[in-house]
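Have a look at the structure below, then the notes.
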Amino acid sequence: MIGNEDFDAFMAEVADVKTLKNDDKVFLKKTNGNELAKQLRREAIKNEQRNSKNFLTLADIDPIAVEDPIQFKQEGVQDLVYKNLRLGKYAIESTLNMQHLPLEVAHKEVFDFITHAHIRGLRCVLMRHGLNQDKKPFSGYLKSYLNVWLQQMPEVLAFHSSQMQHGGVKSTYVLLKKNKQQKAENREMHKLK
């Protein structure tokens, strides 16, 4: 039991406390035009962060002749898989048209396109770079840079200039690695057999 002295001490401590009325409510601040500005700032920050992760080179590179094909395959890619890519036998799941883009814009577009295609689980994509004849810094600059950039991206297994029906030396087939989810599904499928 509480004695009179304890009760009096307690009442002295809580003397300035007021009881709440039943109609006291808390209202959340309604959204206004500032929300759009905040959202745009957040998106700009995300884009800047994504761009800062872009490790593809913009340094000077050796140009490739406009009429020459570009090609690459990582070690371990089976010859038949690469042959099928070279012959255009895989379904093209997405296309990036980067013809006539300035180098800095193409730099960002290639990085974003390959990264997002890999995340989405796409396996074969087509990149249209054109010939850029008589363009600066040199003829075929997008093709030459694409040749270097694709080799720098860990998501890329192989690439080859496309067949004529897809643009010939003006376009490139790109074979992408399986993403984590696809690898897990593949392991599970083979485990069940």
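Residues whose amide H lies under 5 Å from that of CYS124, counting only those 5 or more places away or on a different chain, are GLU93, LEU176; hydrogens are built 1.01 Å from N in the peptide plane.
Under a 5 Å amide H cut-off, with hydrogens placed 1.01 Å from N, SER139 pairs with ASP134 among residues at least 5 apart or on other chains. The residues of segment 65-193 expose, per residue, 55 Å² of accessible area to a 1.4 Å probe. Using the Cβ-Cβ distance between LEU40 and GLU109 with R0 = 35 Å, the FRET efficiency computed as 1/(1 + (r/R0)^6) comes to roughly 0.95.
Leaving ligands, DNA and RNA out of it, report the carbon-plus-sulfur percent of the accessible area of segment 51-122 at a 1.4 Å probe. About 51 percent, which is the carbon plus sulfur part of the accessible surface.
Taking R0 as 35 Å, what's the FRET efficiency between GLU67 and GLN181 from their Cβ-Cβ distance, rounded to 0.05? Computed FRET efficiency for GLU67 and GLN181 comes out at 0.30. Mind giving me the FRET efficiency for MET164 and GLU93? R0 is 22 Å, r the Cβ-Cβ distance, nearest 0.05 is fine. In this case the efficiency is close to 0.60.
The values are calculated or read from the model by the stated rules, or taken from the named source; none is laboratory data. If you're wondering where the values come from, they're calculated on a predicted model, not measured in any experiment. Every residue, glycine as well, gets a Cβ built from its backbone with ideal geometry; the counts of neighbours run over all protein chains shown. These accessible areas exclude ligands, DNA and RNA; they are computed on the full protein's heavy atoms, side chains included. Shrake-Rupley method; radii C 1.70, N 1.55, O 1.52, S 1.80 Å.
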